[in-house]
Amino acid sequence: MVKIDRGKGYPKMLAKTSSEFKRRISGMTTKEAYEFYVKNKKREGFKYKTDETRRRFKKINYGRCSFCTKIISEFDDEMTVEHIKIKRDYPSKIFEWTNMLCACRTCNNKRGTRAFDSAKYLDPTKIEDIDKYFSYRLSGEIVPNDRLSDEEKGKAQYMIDMYKLNRRTLINERRKFMEDLMQDEAFYNLLKKKEYENAHIIFLSLFTYYKKQRTASYNQIFGA
């Protein structure tokens with residue numbers, strides 16, 4: 001996971017939908033409000049995955065998933081909206097821009113309807129140094145950074161488990177990247193320097209790679 005900058009302001013139509021929906025469910029219980037949403041989302045046009053939100057997510061996420069960071073192929077069709085606070089438990093936040101993240105279908109499905117724990121959830125739009133929470137093994141596995149406190153490690157593991165970030169396909173792709181990285185002579189020489197910690201170098205190199213890929217995908221998507 002890497003930091004995501006939401007930018008300024010709500011998507012305009014989404015803000016309008018959110019305001020109207022909250023007006024309609026005013027006075028309802030949580031259960032009643034969610035049932036109202038399920039019953040009326042198509043009939044009333046209550047939508048959060050719109051062209052407007054797709055464009056905004058494509059820009060701020062560089063076409064990537066907020067969790068596994070993979071590029072989402074055929075973005076407009078395949079991206080999904082992940083609700084930080086799930087719709088069933090927080091219907092009033094269904095159309096709130098700050099409660100929405102862009103996700104690939106797999107990460108979204110892996111979480112399913114698991115409840116939100118405010119004490120553990122790491123929101124990449126709010127945590128500047130979110131990358132400090134994770135480290136990578138040569139095996140391709142993502143793990144909590146050893147330098148974290150026990151509380152921080154718990155948060156990192158919570159996110160890894162929530163979105164199944166050690167699923168086989170991701171591990172295999174990371175391991176392949178690590179293997180390619182280890183064949184790089186400059187990187188190998190850096191590893192041999194005792195003043196560097198191997199795991200930390202790998203961690204930084206991986207995110208340098210992600211940063212380059214994000215820039216490349218941004219240029220490809222927007223023609224910059």
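Annotations for the structure displayed:
- Meets criteria (over 27 Å from the mean Cα position of the chain (by Cα), among the hydrophobic types (A, V, I, L, M, F, W, C) and farther than 30 Å from A156 by Cβ) for F46: no
- Selection from the stretch 75-96 of residues that are out of contact with any helix residue (DSSP H, G or I) (no Cβ under 6 Å at 6 or more places or on another chain) and aromatic (F, W, Y): Y90
- Residues (crowded, with 17+ Cβ neighbours inside 10 Å, over 10 Å from the mean Cα position of the chain (by Cα) and among the hydroxyl-bearing types (S, T, Y)) located in the stretch 105-125: T106
- Scanning the stretch 24-56 for residues that are farther than 19 Å from K87 by Cα and buried (at least 20 other Cβ atoms within 10 Å of the Cβ) yields a single hit, R56.
- The conditions of being outside any loop (DSSP other than H, G, I, E, B), under 15 Å from the mean Cα position of the chain (by Cα) and modelled with pLDDT of 90 or more are met by C102.
- Residue check, L138 farther than 19 Å from K12 by Cα, among the hydrophobic types (A, V, I, L, M, F, W, C), touching a helix residue (DSSP H, G or I) at 6+ places or on another chain (Cβ under 6 Å) and surrounded by fewer than 15 Cβ atoms within 10 Å (Cβ to Cβ): yes
- Scanning the stretch 124-132 for residues that are modelled with pLDDT of 95 or more, in a loop (DSSP other than H, G, I, E, B) and either over 22 Å from N61 (Cα atoms) or charged (D, E, K, R) (or both) turns up nothing.
- Test: residue in the stretch 69-79 that is under 24 Å from Y10 (Cβ atoms), touching a strand residue (DSSP E or B) at 6+ places or on another chain (Cβ under 7 Å) and surrounded by 14 or more Cβ atoms within 10 Å (Cβ to Cβ): yes
The values are calculated or read from the model by the stated rules, or taken from the named source; none is laboratory data. The structure displayed is predicted, hence computed values, not measured ones. All Cβ positions, glycine included, derive from the backbone under ideal geometry; neighbour counts span all protein chains shown.
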